[in-house]
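Accompanying notes for the structure given below.
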There are 2 protein chains.
Amino acid sequence: MPTASVRFRVHLGSHAAVGPGKIALLEHINQSGSLAGAARNLKMSYKRAWQLLDSLNRTFTLPVVVTVTGGRGGGGASLTALGDALIDAYRSFDDAIQTRAAGHFGPLMRHLGNSRSPANGATVVRRSPRRKAKKQR
Amino acid sequence: MPTASVRFRVHLGSHAAVGPGKIALLEHINQSGSLAGAARNLKMSYKRAWQLLDSLNRTFTLPVVVTVTGGRGGGGASLTALGDALIDAYRSFDDAIQTRAAGHFGPLMRHLGNSRSPANGATVVRRSPRRKAKKQR
């Protein structure tokens, strides 16, 4: 039996948003200890990873990741307490709403059909741009 | 003081998803009594509205909207009990998670900065593709 799940993005005020991409980046920075490593693990360009992190660091009055500039192959990145708190808040919110969604939309899931065929008894809308109207059963 | 809000889409199993666009379409069909009227109110092409509704009607074993094909300017559309239930479930879920998000992310909102300037104390990541590294304060 399939369950309902939610994809979401949290808007913090009117200028900033945090979604699965930025959170995954922070988690991979935490694991690999570097932005380049995180980008590699996420199969994301370094430029894209840098932009996401820059956007996050501009969101708050404190950084979420601090980096040490270094020489050859050097330069590590690590999460600040705020970065840790952001991941924790996002993940616990995610857990809570996935659980809620599964319960909340459960009754509707009983009516889920095969997505390939039209709903049994569905009337066909006039002037279909894609297919001819069929007779109703 | 800004608050956190969530933009989301509910995935029902692996084939179907319902987000703000489809729900708004159902609500406008309910208000205007026709798909063409709903499309007009939403400033959406009739084709696009038709495709969204077709996708919804294929999601379930029962239709969410039934239409009467008609002559000149004719043909009305109205929600089924399932369509009503889908709107109700989506809107009550929306209310619940917006309230939860505002509380959950409240502590982080205290650290929200001006999005135009980098975080105070944020270190600049090496090899910036967009700007030169500045000295840390």
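The values are calculated or read from the model by the stated rules, or taken from the named source; none is laboratory data. Source: prediction; values computed, not measured. FYI the Cβ positions are ideal-geometry reconstructions off the backbone, even for glycines, and counts take in every protein chain you see. Accessible surface is based on the protein model in full, side chains and every heavy atom, while ligands, DNA and RNA are left aside. Shrake-Rupley method; radii C 1.70, N 1.55, O 1.52, S 1.80 Å.
Things to note:
- Accessible area buried at the B-A interface, both sides summed, 1.4 Å probe (Å², nearest 100): 6300 Å²
- Sites residue A:68 and residue B:110 - FRET efficiency at Förster radius 22 Å, r taken between beta-carbons, to 0.05: 0.20
- Cα centre as origin, Lys/Arg/Asp/Glu Cβ charges: the range A:36-99 dipole, Debye: 460 debye
- Paramagnetic label zone (point 7 Å from Cα along Cα-to-C-beta, residue A:55; backbone N under 15 Å) in the range A:1-43: A:8-26
- Residue B:109 accessible area, assembled protein chains, probe 1.4 Å, Å²: 10 Å²
- Counting heavy atoms of the protein chains alone, residue B:59 has an accessible area of about 10 Å² for a 1.4 Å probe.
- The distance between label points at residue A:102 and residue A:48 comes to 3.0 nm (points 7 Å beyond Cα on the Cα→Cβ vector).
- Surface per residue (accessible, 1.4 Å probe) for the range A:1-71, Å²: 45 Å²
- Heavy atoms of residue B:46: accessible area, 1.4 Å probe, square angstrom to 10: 50 Å²
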